[in-house]
1. Just going by the charge dipole of segment 1-136, with Lys and Arg at +1 and Asp and Glu at -1 on Cβ, which of MET71, GLY127, VAL20 is farthest out on the positive end?
2. With all protein chains present and a 1.4 Å probe, how do SER238, SER347 order by accessible area, largest first?
3. How would segment 184-385 be classified by its alpha-carbon gyration tensor: rounded, prolate or oblate, with rounded meaning a/c under 1.5 and the a/b versus b/c comparison settling the rest?
4. Among LEU198, PRO369, PRO308, which residue has its Cα positioned farthest towards the positive end of the charge dipole of segment 184-385, with +1 placed on the Cβ of Lys and Arg, -1 on the Cβ of Asp and Glu, and the dipole taken about the Cα centre?
5. Please report the accessible area of SER295 (heavy atoms, 1.4 Å probe, ligands and nucleic acids excluded) in Å², nearest 10.
6. With charges only on Cβ, +1 for K and R and -1 for D and E, what is the dipole size of the chain about its Cα centre, in debye, rounded to 20?
7. Below 8 Å between Cα atoms, with a sequence gap of 6+, how large is the relative contact order for the chain in percent?
8. Which residue, ARG263, ARG399, ARG299, tops the fluctuation ranking in a GNM of the chain built on C-alpha contacts under 10 Å?
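The values are calculated or read from the model by the stated rules, or taken from the named source; none is laboratory data. If you're wondering where the values come from, they're calculated on a predicted model, not measured in any experiment. Note: ideal-geometry Cβ built from the backbone for every residue, glycine included; neighbour counts use all protein chains shown. Note: areas computed on protein heavy atoms with side chains; ligands, DNA, RNA excluded. Shrake-Rupley method; radii C 1.70, N 1.55, O 1.52, S 1.80 Å.
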Amino acid sequence: MTNPVYARHWTNWGTNQESVADVLTPASADEIAATVTETAAAGRRVKVVGSGHSFTDIAVADDQRMVLHRMNRFVSIDGPLVTVQAGMTLRTLNTVLHGHGLAMPNLGDIDAQTVAGAIATGTHGTGLGHGTIASCVEAVTLVTGLGKIERFTADAPELKAIGVGLGALGIITEVTLRCVPAFTLHADERPMLLTEMLAGLDEWIPGNDHIEFFWYPYTDRGQLKRNNRVDVDDRPLSRFRGWLDDEFLSNTVWQGVCKVGQRMPRTVPALNGIAARALSARAYTGPSAGVFCTSRRVRFTEMEYEIPRAALPEVLGAFPALFDRLPFRVQFPVEVRFTGPDDLWMSHGYDRESAYIAVHQYLGTEYEPYFRAVEELCAAQGGRPHWGKLHYRNAASLRPVYPRFDDFLAIRDRFDPSRIFANAYLNRVLGE
Ligand SMILES: Cc1cc2nc3c(=O)[nH]c(=O)nc-3n(C[C@H](O)[C@H](O)[C@H](O)COP(=O)(O)OP(=O)(O)OC[C@H]3O[C@@H](n4cnc5c(N)ncnc54)[C@H](O)[C@@H]3O)c2cc1C
């Protein structure tokens with residue numbers, strides 16, 4: 001977020017969403033429950049916002065915005081089960097877990113999100129042995145739209161809905177996560193031809209703990225990243241190499257390249273060719289959170305689609321023709337990740353092995369025809385859009401791809417009968 005949390009005017013990280021609303025900053029579940037009761041009695045609405053890292057209008061408040069930055073503390077630990085307040089960021093969570101000799105089994109690209117915000121949209125990393133981050137949730141304390149504080153544990157069927165709850169079922173105050181002993185990752189990153197990467201996937205996806213790749217549009221090149229657990233942290237990345245690759249090249253230089261491409265779009269294919277050829281291989285070890293998450297300072301707009309894993313070659317194969325049809329150039333690499341099935345009703349990975357295709361455009365660059373064209377390709381394969389990233393689907397088109405869609409709506413009717421947690425996004429994707 002670019003504004004202070006208490007400002008009435010709010011924008012998301014991507015600066016493509018904004019709102020003006022009354023701001024509420026509760027410090028306890030009781031305070032939240034009282035606010036919810038008053039909100040319902042007054043016929044008003046309240047939307048809780050995390051770190052504002054969603055690109056969709058899922059976190060846009062049109063009446064009252066609740067911020068949980070005062071509810072960001074560690075609560076308790078019981079073996080691998082760690083309970084924290086919902087407003088804690090993943091970055092703080094990682095530090096807390098490290099202090100207890102624990103870690104999250106998997107993470108996405110960044111750690112700026114709040115715990116509740118990350119699980120609400122189905123935030124995920126990569127790895128066939130992992131579902132979304134929400135699949136690690138063992139229990140949740142939630143203030144429902146009736147103003148009741150309720151705790152749901154693993155045996156409660158409601159947890160399957162609350163896990164990836166889209167902020168539609170209530171305000172989460174505490175989350176219990178099933179963590180794992182702290183572990184070291186060996187990262188192997190290398191440039192590779194797209195054809196080689198696609199040919200190797202069937203072997204590499206099950207053969208590596210975490211695997212993803214990037215592909216530069218208008219080129220046949222990309223970068224393959226494989227992270228695997230190892231016993232010893234004997235090959236740390238030098239501070240200089242870390243700074244060079246992750247700060248200077250991925251942020252400072254990339255920002256400059258994006259600006260050139262934005263001003264002179266005809267140079268984009270050549271710039272992408274240079275960027276792809278400039279990639280060099282590196283291998284290092286480090287504590288898991290530091291390997292999973294990097295800083296992303298170059299701002300962009302993003303859409304990400306989950307598709308059944310088997311559909312990936314066909315969908316990616318259609319991209320070059322798609323790029324040729326667009327009235328503009330695409331500069332950002334296409335990112336591809338993989339997860340295993342989970343059982344959360346609104347998880348993109350519900351009940352199937354998934355490939356995720358993420359497409360981006362530099363902030364301020366046109367994107368809609370690109371994203372719509374990719375959506376068309378993915379939707380034809382039964383694809384599910386990431387709830388926190390731009391898409392153009394509505395409830396009628398989403399119901400068929402989520403087998404438990406109506407069960408989720410039934411829980412919503414129970415938990416939020418007056419729709420005090422609704423906003424325009426939820427009206428679109430769930431109905432009113
Ligand atoms: C640079 C960048 C990198 C990203 N990388 C990844 C990635 O690797 N993988 C991935 O899957 N996604 C990724 N995302 C998307 C991001 O993880 C999700 O959009 C996530 O939901 C953002 O969390 P947040 O705390 O900012 O939540 P917000 O965007 O502020 O809110 C998201 C939703 O959570 C709800 N919510 C927040 N707090 C609560 C609460 N206490 N109770 C109930 N509901 C709540 C909000 O109402 C809203 O519905 C990335 C986004 C950016 C900008």
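1. Positive-most Cα among the choices belongs to MET71.
2. Details: SER238 60, SER347 0 Å².
I get SER238, SER347, largest accessible area first.
3. Values: a/c = 1.73, a/b = 1.08, b/c = 1.60.
Oblate.
4. PRO369
5. 50 Å²
6. Numbers: 43 positive and 49 negative charges, 219 e Å.
With Lys and Arg at +1 and Asp and Glu at -1, about 1060 debye.
7. On the way: 951 pairs, mean separation 79.9, N = 432.
Computed over the chain, the figure is 18 percent.
8. In this elastic network of the chain, the residue with the biggest mean-square fluctuation among ARG263, ARG399, ARG299 is ARG263.
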